[in-house]
Amino acid sequence: MKNGTNKEITGAIGMIEEQFIEHCNPSIMNKLNDLKEDLNNDFFTIIVLGEFKRGKSTFVNALLGTKLLPVDVIPTTATINALMWGEEKKAYVVKNDGEIESGDSSLSFLSRYIASEDFEIDQIKYLKIGYPAEILRNNIVLVDTPGVSDLNEQRVQVTYDFIPRADAVIFLLDATAPLKRTEKEFLDEHLVKLGIDRVLFIANKFDNIDEDDEEEVLEDIERRIKKSFNANKQEQKFKDFTVLPVSSSMALDGALQNNENILVQSGMPKAKEHLLRMVQEGSMADGKIQRYKSRMLDIIEAIERGINNDIEL
């Protein structure tokens, strides 16, 4: 990070807090606090996105090589689950009122915070989960999210609110029914508009594709994405655009059994390799500075809109 620009953004935050605090609603304050946290920690944040039941939590578990996040036949992820390196397996439930509850980074503890009728999502800001997984080294934060088409609007909104913090995105598709209209609309509205252009598309559940059809299916998915997002033109919307076939369930089985053959067949080693390359390229100072500047500009514009509304009233 270029220290001068870092100080400029920190100075702008300080000026807002000093001179415009009365125009900062809770949403703006959350964005300011998130930006300060990211500036201080300089994490590389990878957000795992996709419609519900695309296998996001299973995919994250496979990356970690363990059954840590709850999975089920119905949507389970109800909160933002931010996983980061930790020698000690410790989880922290960060609540909106500032209270922090701690527990073990374990399936039994995290299962208390799954989607259910009596779960009060408005009380939880996010879960911070420390775990000693190799993929999380070097300040990488891996974020599991509720489905972007979840029927629960609150669960969808917590995902939307967290997306601006992404340095890169893993977007899970179902290989048997890829890139639906709702998925394209989400990518347009919540990634392209925010300038998030490092996207790894995972064609998950690829073990459900007949072996004779695998090449054709993968080419079809790539063709659909290129057609939807002009990825074959000079003004392409995604700089880092790749589609990789993966079976998350097979990858997790391979990791748990320590079976290299199953892991290779699952496609996960190639996904990990590509992911680490994205991190290396995306961690360069200029790219991170530009993302911080974009978030700062979004906050300033929100304050300006609030001031104009106050004047009109």
Members of region 284-313 found to be closer than 30 Å to Ala62 by Cβ and open to solvent by 50 Å² or more (accessible area, probe 1.4 Å), listed by number = Met284, Arg291
Just a yes or no: is a residue in region 180-189 without any contact (Cβ under 8 Å) to a residue 12 or more places away in the chain, more than 23 Å from Leu297 (Cα to Cα) and surrounded by fewer than 19 Cβ atoms within 10 Å (Cβ to Cβ)?
-> yes
The correct count of residues that are under 12 Å from the mean Cα position of the chain (by Cα) and not in a helix (DSSP H, G or I) in region 155-213 is 11
Residue check, Thr10 open to solvent by 30 Å² or more (accessible area, probe 1.4 Å) and among the hydroxyl-bearing types (Ser, Thr, Tyr) = yes
Just wondering, is there one or more residues in region 41-64 that are at pLDDT below 85, under 23 Å from Leu256 (Cβ atoms) and surrounded by fewer than 21 Cβ atoms within 10 Å (Cβ to Cβ)?
-> yes
What strands (runs of 3 or more DSSP E) lie completely within region 74-140 and have 1 or more residues being surrounded by fewer than 19 Cβ atoms within 10 Å (Cβ to Cβ) and at pLDDT below 85?
-> 90-95, 124-131
Across region 232-255, what is the number of residues that are assigned to a loop (DSSP other than H, G, I, E, B), surrounded by 15 or more Cβ atoms within 10 Å (Cβ to Cβ) and at pLDDT below 95?
-> 2
What are the residue pairs meeting all of these: first residue in region 193-218, first residue in contact (Cβ under 8 Å) with a residue 12 or more places away in the chain, second residue among the basic types (Lys, Arg), Cβ atoms under 7 Å, and 6 or more apart or on different chains?
-> Asp197/Lys237; Asp197/Lys239; Arg198/Lys239; Asn204/Arg54
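The values are calculated or read from the model by the stated rules, or taken from the named source; none is laboratory data. None of the values given here were measured: they were computed from a predicted structure. Counting neighbours? That spans all protein chains shown, and the Cβs are built from the backbone with ideal geometry, glycine included. Surface accessibility is based on the protein's heavy atoms, side chains included, excluding ligands, DNA and RNA. Shrake-Rupley method; radii C 1.70, N 1.55, O 1.52, S 1.80 Å.
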